[in-house]
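Inspection log for the structure reproduced underneath, given as structure tokens.
The values are calculated or read from the model by the stated rules, or taken from the named source; none is laboratory data. Quantities reported herein were computed from a predicted structural model and do not represent experimental measurements. Ideal geometry is used to build each Cβ from the backbone, glycine not excepted, and the neighbour counts take in all protein chains shown.
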Amino acid sequence: MLLVALGLVALLGIGAGTAWFVSDGFGTGKELREGEWQVPFTTAGTEVIGNDASIAFGAWMSDTAVIRAQKDGVLAYDLKTGKRAWGTPAPGAQLCGATPGIVGGRGVVAYGTTTKICDRLAGLDVKTGKLLWKTTVPAKASAANDKSIDIPGLLLAGDLAIVRTAGQVSAYNPADGKKAWTSVTSQVCSTEEAAASPRQVVVALRCSQGGARIVVLDARTGDFRGEHRVADDYGVPDALVSADPPVAVWGGGDRATVLVLDGKGSKLRQFETDEKIDLLPLNGTIYIEGGYRELRTAVRGDTLYLSTFPVNTEGGGISRDDIVAFDLKTGRRLWKSSGTRANMLTFVDTGTAGDKGLLVMEEGGRNEPAPRLTRIDPATGRATPVAELPQKAGGESQDAHIHYRGGTLVIMPFEEIATRFAVTALRVEAE
């Protein structure tokens, strides 16, 4: 167990003390404005998976709270004040996964009965923190001397939670935990990657016979819609960046290959980028295998947005990247944008299709020029500054999930590496 259970429950019951490995209270700094707040990481830590118990699997936002699903439990902070709204400890030895978002006021987390296995799911009411249900999923335990752990990949497909394990993909109702369907692979294949949308679920398979495959399933029923057999010289894609349309990417070299499929798995087109693409997960960490990977990619309508691999700026000290846009109907590159200056660009989750353009956060680091919120025109790639952000938010966004809703920008790093705050909430008008 991460902490003594009775002691943890007592802390939660009186609403005091620390929130395990992030602070209970909210902090403000001279560079934060009224209504803005930050929750610092504490210096405490424990080696459960890897070396940091504050690793986040879920970075959620509701109408009233910011919610962080991390190894030792799920924590919610009042969106307006930053004060702790509730805390729910991991129902087992530790949390080991979470859906990338919430639906209908509910999220789903994965946890383990021991620190060597990730074999359970639980539904969570994000308004109260109450656990709604629990169920068992297929899992393989790690060896006694192995610090790594295999975790399920959790996704959302409309109002269903999709769970990918090595040999199958299943759908659950987040409200009651009832299983909607299960699709089992053949004995010669294992699942390697998945993407989901309200209409369909796309799964990449590694097969000992017949090579790699990309399978399309109906999201509501799990019915098989079709598959694409990948050419032998490509193998399993490095990423499935979209389910609707299905888009697979192979990287690793000076350029990337992009494959676009239709809803039955038939090849529509394939094209290459002109530069090296960044496919490293923002939420990647040692000792954790599988799970959902958050990437610097986005698909909006018929446009694919990829981030170039970071390079040092002239003089060093700051990394920078660019965003490259491609037309999925033709494979043509539309534009390349570096934002408004040479620094790192991180996509902002606006909860909408983004018809007003891509919202990104630009920053060079903690002591570099103040971070900036910028909008990129989807037609031209032209970058327009939206707001200058407090310097105290510098260094927090590069490996984080960033939300923007109704005048509030929320930054949640996935891990305490070169960051100081588990949550940063800023007031920004970006409409």
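Condition test on residue 376, is it farther than 22 Å from residue 70 by Cβ, under 23 Å from the mean Cα position of the chain (by Cα) and buried (at least 22 other Cβ atoms within 10 Å of the Cβ)?
yes
Scanning region 316-369 for residues that are free of Cβ contacts under 8 Å to residues at least 60 places away in the same chain, among the aliphatic types (A, V, I, L, M) and buried (at least 16 other Cβ atoms within 10 Å of the Cβ) turns up 318, 323, 324, 325, 334, 342, 344, 345, 360, 361. If you check 90, 76 for being without any contact (Cβ under 8 Å) to a residue 60 or more places away in the chain and surrounded by 22 or more Cβ atoms within 10 Å (Cβ to Cβ), only one passes: 76. Filtered by the rule that a residue be modelled with pLDDT under 95 and of a type in the set (A, V, I, L, M), region 156-183 gives a lone residue, 166. Scanning region 156-193 for residues that are surrounded by fewer than 16 Cβ atoms within 10 Å (Cβ to Cβ) and hydroxyl-bearing (Ser, Thr, Tyr) yields a total of 2.
Would you call residue 233 surrounded by fewer than 22 Cβ atoms within 10 Å (Cβ to Cβ), assigned to a strand (DSSP E or B) and at pLDDT below 95? It would help to see each step written out before you state the result.
Values: surrounded by fewer than 22 Cβ atoms within 10 Å (Cβ to Cβ): yes; assigned to a strand (DSSP E or B): no; at pLDDT below 95: yes.
No: the conditions fail for residue 233.
Take the conditions (1) modelled with pLDDT under 55; (2) β-branched (Val, Ile, Thr); (3) closer than 23 Å to residue 405 by Cα; residue 43 misses just one of them, which is (3). Of all residues in region 389-431, those being assigned to a loop (DSSP other than H, G, I, E, B) and under 21 Å from residue 64 (Cβ atoms) number 6. Counting only residues that are within 22 Å of residue 35 (Cβ to Cβ) and basic (Lys, Arg), which one in region 379-408 is surrounded by the most Cβ atoms within 10 Å (Cβ to Cβ)? Going through the qualifying residues, I end up with 392. Any idea which residue in region 96-134 is nearest to residue 65 (Cα to Cα), counting only those that are crowded, with 19+ Cβ neighbours inside 10 Å and among the small types (Gly, Ala, Ser)? Step by step, filter region 96-134, then rank; the result is 129. The set of residues in region 187-213 being in contact (Cβ under 8 Å) with a residue 40 or more places away in the chain and either farther than 22 Å from residue 172 by Cα or assigned to a loop (DSSP other than H, G, I, E, B) (or both) consists of 197, 198, 199. Within region 135-146, is there a residue that is in contact (Cβ under 8 Å) with a residue 60 or more places away in the chain and exposed (fewer than 15 other Cβ atoms within 10 Å of the Cβ)? For region 135-146, residues in contact (Cβ under 8 Å) with a residue 60 or more places away in the chain and exposed (fewer than 15 other Cβ atoms within 10 Å of the Cβ): absent.
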